[in-house]
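Chemist: Have a look at this one.
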Amino acid sequence: MDITEMKFAKVFPFLVQKAERKGRTKEEVYEVTRWLTGYSSLQLDEMLQSETTYGEFINNAPEFNPNACLIKGTVCGIRVENIEDPFMKKVRYLDKLVDELAKGKALDKIMRKE
């Protein structure tokens, strides 16, 4: 199944679980997600209770953080900065932020500033 068609409520909990397995919290996953996408915690909770697809979640983000372009590194062996498809780049940005959380990186380092 194409990730754009998958339900947000099925995908996002895996990101939370990944972070929680390494001692991080759901709130921290929400915080980096809010930083990246512009969604509020309430909006995230509402989407988790809805039929919203992951494609809709990414494509309808209120305001993708302009500093997202500072996210660099690899996810699943692929360099995030080299991904050409804009949608997949945004998906991998969130994956990378959660990876960094799970590896113990400080929130102020994860949420990049120029």
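The values are calculated or read from the model by the stated rules, or taken from the named source; none is laboratory data. Quantities reported herein were computed from a predicted structural model and do not represent experimental measurements. FYI the Cβ positions are ideal-geometry reconstructions off the backbone, even for glycines, and counts take in every protein chain you see. Side chains are part of the model used for accessible areas, which takes the heavy atoms of the whole protein and leaves out ligands, DNA and RNA. Shrake-Rupley method; radii C 1.70, N 1.55, O 1.52, S 1.80 Å.
Chemist: Of everything in segment 83-111 that's part of a loop (DSSP other than H, G, I, E, B) and more than 17 Å from E28 (Cα to Cα), which residue is most open to solvent (accessible area, probe 1.4 Å)?
Modeler: Among them, the one singled out is E84.
Chemist: For segment 63-72, state whether one or more residues are assigned to a loop (DSSP other than H, G, I, E, B), touching a Ser or Thr at 6+ places or on another chain (Cβ under 8 Å) and of a type in the set (A, V, I, L, M, F, W, C).
Modeler: Narrowing segment 63-72 to residues assigned to a loop (DSSP other than H, G, I, E, B): 63-65, 71-72.
Those still in the list that are touching a Ser or Thr at 6+ places or on another chain (Cβ under 8 Å) too: 63-65.
Restricting the remaining residues to those that are of a type in the set (A, V, I, L, M, F, W, C) gives 64.
So far as segment 63-72 goes, yes, one or more of its residues are assigned to a loop (DSSP other than H, G, I, E, B), touching a Ser or Thr at 6+ places or on another chain (Cβ under 8 Å) and of a type in the set (A, V, I, L, M, F, W, C).
Chemist: Looking at (1) open to solvent by less than 40 Å² (accessible area, probe 1.4 Å); (2) touching a residue at least 24 places away in the same chain (Cβ under 8 Å), which one does V80 not meet, given that it meets all the others?
Modeler: (2)
Chemist: Looking at segment 60-74, can you tell me whether even one residue there is open to solvent by less than 40 Å² (accessible area, probe 1.4 Å), touching a residue at least 40 places away in the same chain (Cβ under 8 Å), in contact with a strand residue (DSSP E or B) (Cβ under 6 Å, 6 or more places away or on another chain) and not small (G, A, S)?
Modeler: There is no residue in segment 60-74 that is open to solvent by less than 40 Å² (accessible area, probe 1.4 Å), touching a residue at least 40 places away in the same chain (Cβ under 8 Å), in contact with a strand residue (DSSP E or B) (Cβ under 6 Å, 6 or more places away or on another chain) and not small (G, A, S).
Chemist: Right, another one. All but one of (1) surrounded by 13 or more Cβ atoms within 10 Å (Cβ to Cβ); (2) touching a residue at least 24 places away in the same chain (Cβ under 8 Å); (3) closer than 23 Å to D2 by Cβ hold for E51; which doesn't?
Modeler: Only one criterion in (1) surrounded by 13 or more Cβ atoms within 10 Å (Cβ to Cβ); (2) touching a residue at least 24 places away in the same chain (Cβ under 8 Å); (3) closer than 23 Å to D2 by Cβ is unmet by E51, namely (1).
Chemist: Related question: Taking the condition of being over 13 Å from K103 (Cα atoms) and acidic (D, E), how many residues in segment 10-27 meet it?
Modeler: 1
Chemist: Pull up segment 1-24, narrow it to residues that are in a loop (DSSP other than H, G, I, E, B) and in contact with a helix residue (DSSP H, G or I) (Cβ under 9 Å, 6 or more places away or on another chain), then point me to the one that is least open to solvent (accessible area, probe 1.4 Å).
Modeler: R24
Chemist: Can you name the residue in segment 36-48 that is under 13 Å from the mean Cα position of the chain (by Cα) and hydrophobic (A, V, I, L, M, F, W, C) and is also surrounded by the most Cβ atoms within 10 Å (Cβ to Cβ) among such residues?
Modeler: Residue satisfying both the conditions and the ranking: L36.
Chemist: Restricting the search to segment 25-35, which residues are surrounded by 16 or more Cβ atoms within 10 Å (Cβ to Cβ) and either acidic (D, E) or not in a helix (DSSP H, G or I) (or both)?
Modeler: E28, E31
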